[in-house]
Amino acid sequence: MDSLRLPSSIKPVHYDISITPEMDAQPEPFFAGTECISLRISEPTKTIVLHALELELTNVHVTIPAPDGPLSIAATLTLDKPIVTLTFPDELPVNGTADMKPIAGAPDVLLHLDFRGEFRTSELCGFYRSTYSLPDGTVKSLGVTQFEPTDARRAFPCFDEPSFKATFTLSLVVPAWPSGEDPQRIVHAVSNMPVQSTDTHPTTPGKTIVRFGRTPIMSTYLLAWVCGDLVRLEGQTESGTVVSVMATPKWDIEKQAHFALDVATKCIPFFEKLFDIRYPLPKMDLLAIPDFSAGAMENFGAVTYRETRLLIDEDSSAAIKQATCRTVCHEISHMWFGNLVTMEWWTYLWLNEGFARWAEYLATDYVYPEWHVWDSFVSDVSEAALALDSLESSHAIEVPVKNPAEINEIFDNISYSKGGSVIRMLASTMGHDVFVEGVREYLKAHLYSNATSENLWVALSAAAQRHNVSLNVSEFMAPWIRQMGCPLLTVYDADRPQKQPQPQPSEAQQAAAASTQESTNTTSTATATAAAAPTTATPVVLPATLLGGLDLPEGTPLHKRRFTVLQQRWLRSGARELTPEALFRVPLPISTHSGGSSRQLMFLLSSTWSQLDLSVPGPAQPEEAHPAEVFMNSGVVALARIRFAEDALFQEVLRVVANSLPHIVLGVPPPAGQVTCTVAETVRLLKDCYALRQTLRYLQVANVVQCFMQEAFARGELNLAHVKAQQGPTLLLMNALASGLGGLMLVFGEDDEIMAGLRQLGRRLFGPISGQLGWRKVPEESDQASLLRSLAIGMLIGCCESRPHIDRALEFVTTGMHELPSDCRGAVYSALVKFTPDGYERMVAMHEGCDVPEVKRNMLSALGATRDPEKLAKTLEYSCSEKIGAFLERFQGGFMLPNIVGALVNYFTSAAKADEIERFFREHRVPGAERTAQQAVERIRACATWAQSDAPLLRKWLQDEHLCPSASASPAQ
């Protein structure tokens, strides 16, 4: 079936479920259950339609109250996976109104079912068995559920759609546990609610019935239970909510759960205050699961995590700490945005995941403000959104989905990262406080119910209107969420008329522009006027709407600075014209400065061609004078690529970057009134140059940074004391440079001369930082400094192949890894595999003898550094065609498959590889990852075209900068 939606005339009100897991049964482990579902029926019917998949159903009947006792009516079953239709001989009584309110005096209708299913061991969804080993080698089992998005139906018959909300009571029949155990430390059964009672099973010796309290009204995908042996570390929030971190007994819970527990107990009160709604459950459990497909899952009150996303040691790397903190905050934010208020259907998945992506950074910034995570949001989250949305095979944030395979495919960077980025953009445009006020109103209006994007826009628009924010939220957001793609803004200096473009606008563009002009004239507060009337030879240029700007004292001298901006859709294959109805509403903040004064303005661009008239503080400038300084997209508010049409305009921006580096890197206060850019704005400039394949412009920015760093080190301004106290900016800047440099090495990797030059550039960029920080962590060093060391050493070993750093890394393997900072382990392991003849075999042996998850992951990643094709094939054997059946059986039906496919193929860059990958996926269909494969092929072809077009330019630049071996005798350093 293409569409699996259930009829809306029957809805569940309450489920009473009992599950008996038999995880050690022979020949196959299984579970058995009974349930009673209280139904509300709004129309006469003889059928009940619900979901059940891979379950054996028996004893299916309804009971209806009658004067002589409950009337039991058996059902006839018709299976059409995953739909089950129950047919009854007579019509069932109507007991609900059209809007599903109860009808007074109408009879209850209770649906009873017995069911049985086999434990899933090859797929990590539904109710499955996870295994782990204790230190003595004993293999133990854990019964785990993972229901999002459509797998509750694999564990019990249900109405498995987000809008069919109900309450649940659950009982688990589990093996009895030894008497005398400490219930505060050892747990054997967990669900969404606290345990209500535990009783010895009346008929089955050795079994205990664990009953849990009634849940709030919620969707089926949020129900969860875990059974098996667990150890617990418990804490409490300031408002009294009990918070527990649980794991299997192989973990030292006292040592490895403290970090996550501390984050959770702090971020729950943060969200309570942010949303002005108390967390509604009496407890919050965070459970580490040995085999888990998602990073984490926001089950109401019982959040499940991959072990490596929750449990960390005191000496865990700073990167792992930050990732763990964000993951915990992300999942807890869902308790409000997703669980209390749930999307009406999976089309609106972004309301859950996009909002949680934004909220995780908000909460992490509260818990660890010294991490400056909002700067990394730009480089990590927004960039991931822009990268994926530059492909023809992308999709809109809101996309119609019908079946489970389609639903699984949209758990990607569009729903998460683009969703989070447009939320951040909207909050920045409205103002944070106004935005949060609207969010509170939205949540309170839809508590324990379902909602759509439009419901959110209504609440936000009401808040905006109350605070005189002139923004139609629904109109503003429509193109961002209903169509795929992001805008490319090409900026022209309108004060250089000889440089102006002369495109031929279509009739539709002219008509739309005239319509936009009329609308803009009624709402704009801009002082600008339209350009000359359109002709067949010139574009229609309309004034952008001025949403706001700093008020200036009366009598402040002003002069004009004008720009023309062209809006198109950005694609890796080239910019594309947008139809009038597809134009984005782009908020574009601009910083200006002249004559010792500065100003911030916010424009809204909504036409193909927009004119920006900036009233810049300061006396009028003569034509030959340097123009007023500007910086576009200050605060990186707009989710857009920006291209500067004239090189003179780009050089002006480059001067702003150069002037800003003392502030970014050294923390020196900028001169009063000077236009400066932040590290996030500099990172976006770098990312834009790279993404737009402006290779030389990217390298110009990199060179400005490299020259500044070199001079700062030479003057002693950037020394060990300064670097070890780094709180983020330098790390983010160097991370962006490393990302771009590594990308160029992938794209131009077949050209030995270019590769040698890029490696030498990398040594110049990262060598001085490594020299200052050394290899060992020093007292009072910040987490950001630790990450900066890891980045520099990783680049110098992995990408730049610096011989001194390779030799030093191999010394650590010989003399002992215990002296090595945890953030540098991955680079050292990769050096062992890549640069020694027996490194691969040694790493395999080290991995088999290791029991620390983070270290094991470092070791597995290092195996991919080998240059031996046979060893690479061995590492990736489960992705080969002869193993594809087992591979798909294990990972299909969950979130993991698209991620694995993307990781396997995204780093190729030749047209031949694109053809090979396309052929492979044509011959081996992978439901749930087909879109990912298309995106990879499109990305690879774009890289191949880039390599062919820019190699001569890049080679010449490297030679001019004395970076290529033929033009430079500089040794590796």
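Points worth noting:
- Among the conditions (1) open to solvent by less than 20 Å² (accessible area, probe 1.4 Å); (2) among the hydrophobic types (A, V, I, L, M, F, W, C); (3) at pLDDT 90 or above, the only one that ILE410 does not satisfy is (3).
- Tallying residues that are surrounded by fewer than 18 Cβ atoms within 10 Å (Cβ to Cβ), within 22 Å of CYS800 (Cβ to Cβ) and of a type in the set (A, V, I, L, M, F, W, C) within region 767-782 yields 1.
- For region 243-278, the set of residues classified as farther than 22 Å from ILE312 by Cβ, open to solvent by 10 Å² or more (accessible area, probe 1.4 Å) and either of a type in the set (Gly, Ala, Ser) or in contact (Cβ under 8 Å) with a residue 40 or more places away in the chain (or both) consists of LEU274, ASP276, ILE277, listed by residue number.
- Qualifying residue in region 301-324 (condition: of a type in the set (Asp, Glu), closer than 30 Å to LYS444 by Cα, out of contact with any Gly (no Cβ under 6 Å at 6 or more places or on another chain) and open to solvent by 10 Å² or more (accessible area, probe 1.4 Å)): no
- Applying a threshold of 6 Å to beta carbon distances and a minimum spacing of six or more residues, or different chains, the list of pairs starting in region 823-843 at a residue that is at positive phi and ending at one that is surrounded by fewer than 24 Cβ atoms within 10 Å (Cβ to Cβ) and assigned to a helix (DSSP H, G or I) is empty.
- Strands (runs of 3 or more DSSP E) wholly inside region 62-112 containing at least 1 residues that are of a type outside the set (Lys, Arg) and closer than 15 Å to SER9 by Cβ: 83-92
- Which listed residue, of PRO202, PRO216, is modelled with pLDDT of 95 or more and either of a type in the set (A, V, I, L, M) or not in a strand (DSSP E or B) (or both): PRO216
- Of the set (1) under 24 Å from HIS334 (Cβ atoms); (2) surrounded by fewer than 22 Cβ atoms within 10 Å (Cβ to Cβ), all apply to TRP480 but (2).
- Flag if LEU287 is surrounded by 23 or more Cβ atoms within 10 Å (Cβ to Cβ) and assigned to a loop (DSSP other than H, G, I, E, B): no
- If you go through region 359-373 and keep only what is out of contact with any Phe, Trp or Tyr (no Cβ under 6 Å at 6 or more places or on another chain) and among the hydrophobic types (A, V, I, L, M, F, W, C), you end up with ALA359, LEU362, VAL367, TRP371.
- Selection from region 238-281 of residues that are in a helix (DSSP H, G or I) and basic (Lys, Arg): LYS255, LYS266, LYS273
- Top-ranked residue of region 632-649 - restricted to ones that are in contact with a helix residue (DSSP H, G or I) (Cβ under 6 Å, 6 or more places away or on another chain) and either open to solvent by less than 10 Å² (accessible area, probe 1.4 Å) or polar (S, T, N, Q) (or both), ranked as nearest to LEU732 (Cα to Cα): VAL636
- Under the condition of being surrounded by fewer than 20 Cβ atoms within 10 Å (Cβ to Cβ) and out of contact with any Gly (no Cβ under 7 Å at 6 or more places or on another chain), the residues counted in region 747-763 number 6.
Table: residues versus (1) assigned to a helix (DSSP H, G or I); (2) within 20 Å of THR564 (Cα to Cα); (3) of a type in the set (Gly, Ala, Ser); (4) at pLDDT below 90.
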| position | (1), (2), (3), (4) |
| --- | --- |
| ARG643 | no, yes, no, no |
| VAL653 | yes, yes, no, no |
| ALA658 | yes, no, yes, no |
| LEU661 | yes, no, no, no |
| VAL665 | yes, no, no, yes |
| PRO670 | no, no, no, yes |
| GLY673 | no, no, yes, yes |
| TYR698 | yes, no, no, no |
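- Scan of region 1-48 for residues that are part of a strand (DSSP E or B), open to solvent by less than 20 Å² (accessible area, probe 1.4 Å) and within 22 Å of SER122 (Cβ to Cβ), ordered by number: ILE19, PRO21, PHE31, GLY33
- Residues (open to solvent by less than 50 Å² (accessible area, probe 1.4 Å), among the hydrophobic types (A, V, I, L, M, F, W, C) and modelled with pLDDT of 85 or more) located in region 700-718: VAL701, ALA702, VAL704, VAL705, PHE708, MET709, ALA712
- Scanning region 116-127 for residues that are farther than 9 Å from ALA155 by Cα, open to solvent by less than 30 Å² (accessible area, probe 1.4 Å) and either in a strand (DSSP E or B) or of a type in the set (S, T, N, Q) (or both) gives a single hit, ARG120.
- Verdict on ALA785 being within 32 Å of the chain's Cα centre (by Cα), surrounded by 23 or more Cβ atoms within 10 Å (Cβ to Cβ), modelled with pLDDT under 90 and not β-branched (Val, Ile, Thr): yes
- Boolean, VAL469 is open to solvent by less than 10 Å² (accessible area, probe 1.4 Å) and either without any contact (Cβ under 8 Å) to a residue 24 or more places away in the chain or more than 22 Å from TYR221 (Cα to Cα) (or both): no
- Count of residues meeting criterion [open to solvent by less than 30 Å² (accessible area, probe 1.4 Å) and in contact with a Ser or Thr (Cβ under 9 Å, 6 or more places away or on another chain)] in region 796-812: 5
- Sole residue being modelled with pLDDT under 95, surrounded by fewer than 18 Cβ atoms within 10 Å (Cβ to Cβ) and farther than 25 Å from THR169 by Cα, chosen from SER293, SER239: SER239
- Output for region 359-397, where each listed residue is part of a loop (DSSP other than H, G, I, E, B) and either under 24 Å from CYS329 (Cα atoms) or open to solvent by 40 Å² or more (accessible area, probe 1.4 Å) (or both): TYR368, HIS372, GLU392, ILE397
- Condition met for VAL565 (modelled with pLDDT under 70, part of a strand (DSSP E or B), of a type in the set (A, V, I, L, M) and open to solvent by less than 20 Å² (accessible area, probe 1.4 Å)): no
Yes/no matrix, rows are residues, columns are (1) in a helix (DSSP H, G or I); (2) surrounded by 17 or more Cβ atoms within 10 Å (Cβ to Cβ):
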site	(1), (2)
VAL926	no, yes
GLN935	yes, yes
ALA942	yes, yes
GLN948	yes, no
LEU953	yes, no
TRP957	yes, yes
CYS964	no, yes
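- Residues that are among the hydroxyl-bearing types (Ser, Thr, Tyr) and touching a helix residue (DSSP H, G or I) at 6+ places or on another chain (Cβ under 6 Å) within region 772-809 comprise SER786, SER790, SER802, listed in sequence order.
The values are calculated or read from the model by the stated rules, or taken from the named source; none is laboratory data. All figures in this text were calculated on a predicted structure; none of them were measured in a lab. Cβ atoms come from the backbone with ideal geometry, glycine included; neighbour counts cover every protein chain shown. We work out accessible area using only protein heavy atoms, side chains counted, and drop any ligands, DNA or RNA first. Shrake-Rupley method; radii C 1.70, N 1.55, O 1.52, S 1.80 Å.
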